[in-house]
Amino acid sequence: MKLFSSVNDVPDVNALVKEALHLKQNPYAYKDLGENKTMALVFLNPSLRTRMSTQKAALNLGMNVMVLNMDKEGWALELRDNVIMNGTSVEHIREAAAVMGQYADIIGVRSFPGLKDRDEDYGEMIFNKFVEFCGVPVVSLESATRHPLQSLADLITIEELKTRSKPKVVLTWAPHIKPLPQAVPNSFAEWMCKADVDFTIAHPKGYELCTDFTQGAKITNNQDEALADADFIYVKNWSAYEPYGQIFPGNEDWMLTNERLKITNDAKVMHCLPVRRDLELSSEILDGKHSIVVHEAANRVWAAQAVLKRMLEANH
Ligand code: CP
């Protein structure tokens, strides 16, 4: 594996999930694989879980790890070609990515969308330029349109905790006060559409996701209809795809409460975190028996470790 940016980079999703669960039981079994190899984690945006879990995964495989908070500590990057750099950008991504590739055997990149220009965000310009110019394998640490390490951890969690062979999984929109990217729901949808689950997406009118990610999913604007008999509920806010990056007033009643869970199959509630309590998801759920958000976050390590292991093996 030279690139991990979407579910399409994984030939056999079930095999990768099994491998991650094997690593969970045997965290240090491949400690020699990463000896004298270096992982660079490059963040253009904030992170807690992705940063710490991917670093932990690389250390478990015996790698050295370097973290660069590009947004705060790096030079301001120029992304466009054929421009005279007489503005605020100091270094072109062509040189920056190429130099990082001289120091690292694998690079992880986080680059959020601007949520202003849909074509620019969905063209994944920043992430793709790192891939083009760094010359080493690249892992997405969340790009403008996808968060594949999160989605792999989510699928691992569902596989671990399911109580029937084909669980009902619901992705439900949740309220928020500001426009958030579509990366997590896009990614979760495309992974669930490839998994052996019964998958439904519920959102208020206006929050339709790009259909490239939802092929095979049931989609409804009725949250209760979606929640009925659900085994897993994935809670997440996202802004509109059309008009791009917009949010609409109302829909506060989409926040999940214990009362709403009564119609589910004793559902487990997931969220990628960070979550705004009692805005996006109720405290009574987060603090109660239905929440598996911490278990889910813990599985980020095994998701990252399975992917890094594949990359190290392919380039051994
Ligand atoms: N879920 C997730 O990616 O968390 P961070 O943004 O803290 O990395």
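The values are calculated or read from the model by the stated rules, or taken from the named source; none is laboratory data. Nothing here was measured: the structure is a model prediction, and the numbers come from that model. In this analysis, Cβ positions are derived from the backbone assuming ideal geometry, glycine residues included, and neighbour counts consider all displayed protein chains. Surface areas here come from the heavy atoms of the whole protein model, side chains and all, with no ligands, DNA or RNA. Shrake-Rupley method; radii C 1.70, N 1.55, O 1.52, S 1.80 Å.
For a paramagnetic label modelled on residue 279 (point 7 Å from Cα along Cα→Cβ), amide N atoms under 19 Å away belong, within the range 87-122, to 113, 115. Once the chain from residue 196 to residue 15 is taken as fully extended at 0.36 nm per residue, the excess over their C-alpha distance is 63.9 nm.
Of interest is the spacing of the C-alpha centroids, which for the range 120-158 and the range 194-258 amounts to 22 Å.
When the alpha carbon gyration tensor of the chain is reduced to an equivalent ellipsoid, its three semi-axes come out at 32, 25, 16 angstrom, largest first. Can you tally the net charge around residue 122? Count Lys and Arg as +1, Asp and Glu as -1, for every other residue whose Cβ sits under 11 Å from the Cβ of residue 122. Computed value for this residue: -4.
Per residue, the range 159-205 exposes 35 Å² of accessible surface when a 1.4 Å probe is rolled over the protein heavy atoms with every protein chain present.
Using C-alpha pairs below 8 Å separated by at least 6 residues, the relative contact order for the range 149-297 is 28 percent.
The distance between label points at residue 128 and residue 229 comes to 4.2 nm (points 7 Å beyond Cα on the Cα→Cβ vector). With unit charges on the beta carbon (Lys/Arg positive, Asp/Glu negative), name the residue among 141, 155, 102 whose Cα is farthest towards the positive pole of the charge dipole of the range 94-166. In the range 94-166, that residue is 155. Summing charges over neighbours of residue 202, with a neighbour being any other residue whose Cβ is under 10 Å away from its Cβ, gives -1 when K and R count +1 and D and E count -1. Of the peptides 305-312, 271-278, the ranking by mean beta-carbon count within 10 Å, highest at the top, reads 305-312, 271-278. The long axis of helix 300-314 is offset from the longest Cα principal axis of the chain by roughly 40 degrees. One Cα centroid belongs to the range 31-56, the other to the range 264-316; the line between them spans 18 Å. With everything on Cα atoms, drop me the angle between helix 13-25 and the longest principal axis of the chain, reported from 0 to 90° to the nearest 10. It works out to around 80 degrees.
Assuming charge only on the beta carbon of Lys and Arg (+1) and of Asp and Glu (-1), the dipole of the chain about its Cα centre is about 640 debye to the nearest 20. The label point for residue 69 and the one for residue 252, both projected 7 Å from the Cα toward the Cβ, are 3.4 nm apart. Computing FRET efficiency as 1/(1 + (r/R0)^6) for residue 29 and residue 82, where r is the C-beta to C-beta distance and R0 is 41 Å, gives about 0.25. Taking 195, 267, 303 as the candidate residues, the one with maximal mean-square fluctuation in a Gaussian network model of the chain, Cα springs under 10 Å, is 195. The longest part of the chain holding none of the exposed loop chymotrypsin sites (Phe, Trp or Tyr not before Pro), meaning those outside H, G, I, E and B in DSSP with at most 13 other Cβ atoms within 10 Å, is 76-316. Charge tally for residue 37 (other residues, Cβ to Cβ under 14 Å; Lys, Arg +1; Asp, Glu -1): -1.
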